Amino acid sequence: MRLRKAVFPVAGLGTRLLPATKVLAKEMLPIIDTPLIQFAVDEAVAAGCDTLVFVTNRYKHAIADYFDRSFELEHGLLKAGKNAQVDALRRILPAHVRCVFVTQREPLGLGHAVLCARPVIGDEPFAVMLPDDLLFGRAQPVLAQMVAEATRLQASALVAVERVPREDVSRYGIADVEGQDGASSRMRRVVEKPAPADAPGDLAIVGRYLFEPSIFPLLEATAAGVGGEIQLTDAIAALIQQSDVYAYRFDGVRHDCGNRAGVVQAMLDVAMQSEDTRAAVTAFCAARGVQLGKRD
Ligand code: G1P
């Protein structure tokens with residue numbers, strides 16, 4: 001699989017992080033000094049993507065501004081000899097990568113957001129990345145793992161999954177799988193946000209998907225589902241009826257940055273990976289009786 005395009009549905013409201021998200025796009029929430037969206041963008045670029053499609057709305061201009069180049073700021077920093085800061089700005093987006101912004105005019109759901117990207121995707125495979133899910137891959141970034149896995153399996157779709165506690169299943173798309181081929185299993189069924197009693201298991205979809213364009217006609221035919229929204233999960237359920245869809249247990253850790261605890265965990269994880277913050281954070285946690293280690 002040659003992956004070039006990734007879709008970032010970023011039109012959501014982020015109500016779980018109000019009041020900050022009243023004016024701040026949740027994708028711009030800083031994990032220490034790095035906006036959440038940057039982690040997903042880095043992961044897409046590491047997997048070979050050179051076209052990033054943001055499905056956005058009029059409240060999310062900050063995302064476009066962030067990925068635009070700021071000549072005045074760079075110029076001022078250069079004049080002041082602040083080269084490290086200039087490098088940090090230039091690392092936001094490699095020169096060969098372009099951003100495309102598509103408007104989702106009505107909040108009709110994740111499935112609808114992905115469908116809005118169709119004219120830019122055209123007839124190629126593509127990734128969908130939900131930036132709330134901050135994934136740190138172990139040996140390599142998670143989307144790159146998925147491209148290798150989809151190529152190996154010749155899969156028409158591959159979706160990242162992880163086990164979640166039973167009481168949490170109603171927050172996710174839950175997959176029922178059969179057999180096991182390495183880290184992947186063929187999906188038999190998938191249900192969006194089931195009640196714990198109706199869930200077909202505890203294998204939850206996390207926010208990384210690889211699709212062929214064959215998902216688009218199915219999305220078009222998908223009626224409103226859970227919450228009155230057009231659900232990506234329902235289109236995946238239809239895809240399962242016509243081709244092989246795999247659930248992939250990624251190698252890494254996930255932080256759900258759509259909620260408060262997940263943001264704190266992500267920050268601690270990042271702080272422990274960085275030379276300049278590790279000692280101070282370790283000392284602070286030790287003083288509170290908590291022992292923190294580095295990610296493996
Ligand atoms: C979305 C998907 C859901 C998936 C989840 C992962 O839900 O609809 O299937 O499990 O992302 O984060 P949301 O979190 O947008 O409600």
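Filter segment 218-256 down to the residues that are within 10 Å of the ligand (Cβ to nearest atom) and not in a helix (DSSP H, G or I), then identify the one that is farthest from LYS26 (Cα to Cα).
Kept after step one, since they are within 10 Å of the ligand (Cβ to nearest atom), are these residues of segment 218-256: 225-227, 229, 231-234, 236, 254, 256.
Next, from what is left, pick out any that are not in a helix (DSSP H, G or I): 225, 229, 231, 254, 256.
Numbers: GLY225: 24, GLU229: 20, GLN231: 21, ARG254: 17, ASP256: 12 Å.
For segment 218-256, the residue satisfying everything is GLY225.
Looking across segment 79-116 at every residue that is within 16 Å of the ligand (Cβ to nearest atom) and among the small types (Gly, Ala, Ser), the one that is surrounded by the most Cβ atoms within 10 Å (Cβ to Cβ) is identified as ALA113.
On the given criteria, is ALA40 within 15 Å of the ligand (Cβ to nearest atom) and at pLDDT below 95? Walk me through it before giving the result.
On the way: within 15 Å of the ligand (Cβ to nearest atom): yes; at pLDDT below 95: no.
No; evaluated as a whole, the condition is false for this residue.
Here is the figure for segment 134-143: residues that are under 19 Å from LYS5 (Cβ atoms) and of a type outside the set (A, V, I, L, M) total 1. In segment 127-143, the residue that is farthest from PHE250 (Cα to Cα) out of those that are under 13 Å from the mean Cα position of the chain (by Cα) and either polar (S, T, N, Q) or away from the ligand (no atom under 16 Å from the Cβ) (or both) is PRO141.
The set of residues in segment 141-180 that are of a type outside the set (Val, Ile, Thr), touching a Gly at 6+ places or on another chain (Cβ under 9 Å) and outside any helix (DSSP H, G or I) comprises PRO141, ALA160, ARG163, ALA175, ASP176. Of all residues assigned to segment 37-45, none qualifies as being among the polar types (S, T, N, Q) and surrounded by fewer than 12 Cβ atoms within 10 Å (Cβ to Cβ).
Quick check, is GLY207 in contact with a strand residue (DSSP E or B) (Cβ under 7 Å, 6 or more places away or on another chain) and within 15 Å of HIS112 (Cα to Cα)? Before the answer, list the steps.
Values: in contact with a strand residue (DSSP E or B) (Cβ under 7 Å, 6 or more places away or on another chain): yes; within 15 Å of HIS112 (Cα to Cα): no.
For GLY207, the condition - in contact with a strand residue (DSSP E or B) (Cβ under 7 Å, 6 or more places away or on another chain) and within 15 Å of HIS112 (Cα to Cα) - is not met.
Number of residues in segment 275-289 that are touching a helix residue (DSSP H, G or I) at 6+ places or on another chain (Cβ under 9 Å), surrounded by 12 or more Cβ atoms within 10 Å (Cβ to Cβ) and not charged (D, E, K, R): the value is 4. Scanning segment 23-40 for residues that are in contact with a Leu (Cβ under 6 Å, 6 or more places away or on another chain) and either part of a helix (DSSP H, G or I) or of a type in the set (S, T, N, Q) (or both) yields LYS26, GLU27, LEU36, PHE39.
Return the only residue of ASP276, ASP296 being acidic (Asp, Glu), modelled with pLDDT under 95, away from the ligand (no atom under 15 Å from the Cβ) and part of a helix (DSSP H, G or I).
Values: ASP296 fails: part of a helix (DSSP H, G or I).
Only one candidate qualifies: ASP276.
Residue by residue through segment 185-214, note down the ones that are hydroxyl-bearing (Ser, Thr, Tyr) and either under 19 Å from PRO125 (Cα atoms) or within 13 Å of the ligand (Cβ to nearest atom) (or both). Don't jump to the end; show me each part of the working.
Taking segment 185-214 first, the residues hydroxyl-bearing (Ser, Thr, Tyr) are 185, 209, 214.
Those that are hydroxyl-bearing (Ser, Thr, Tyr) and either under 19 Å from PRO125 (Cα atoms) or within 13 Å of the ligand (Cβ to nearest atom) (or both): TYR209, SER214.
Of the residues making up segment 1-22, those that are more than 14 Å from the chain's Cα centre (by Cα), in a loop (DSSP other than H, G, I, E, B) and at pLDDT 90 or above are LEU3, ARG4, LEU18, PRO19. In segment 99-118, the residues that are over 14 Å from THR233 (Cβ atoms) reach residues that are small (Gly, Ala, Ser) with C-beta atoms within less than 8 angstrom, at least six apart or across chains, in these pairs: CYS99/ALA64; PHE101/ALA64; VAL102/ALA117; GLN104/ALA11; GLN104/ALA113; PRO107/ALA11; PRO107/GLY12; LEU108/ALA224. Of the residues making up segment 282-292, those that are over 15 Å from VAL264 (Cα atoms) and assigned to a loop (DSSP other than H, G, I, E, B) are ARG288, GLY289, GLN291.
Return yes when ARG260 is within 16 Å of the ligand (Cβ to nearest atom), of a type in the set (Lys, Arg), in contact (Cβ under 8 Å) with a residue 40 or more places away in the chain and more than 23 Å from ALA11 (Cα to Cα) and no when it is not.
Details: within 16 Å of the ligand (Cβ to nearest atom): yes; of a type in the set (Lys, Arg): yes; in contact (Cβ under 8 Å) with a residue 40 or more places away in the chain: yes; more than 23 Å from ALA11 (Cα to Cα): no.
For ARG260, the condition - within 16 Å of the ligand (Cβ to nearest atom), of a type in the set (Lys, Arg), in contact (Cβ under 8 Å) with a residue 40 or more places away in the chain and more than 23 Å from ALA11 (Cα to Cα) - is not met.
The values are calculated or read from the model by the stated rules, or taken from the named source; none is laboratory data. These numbers come from a predicted model, not from an experiment. Ideal geometry is used to build each Cβ from the backbone, glycine not excepted, and the neighbour counts take in all protein chains shown.
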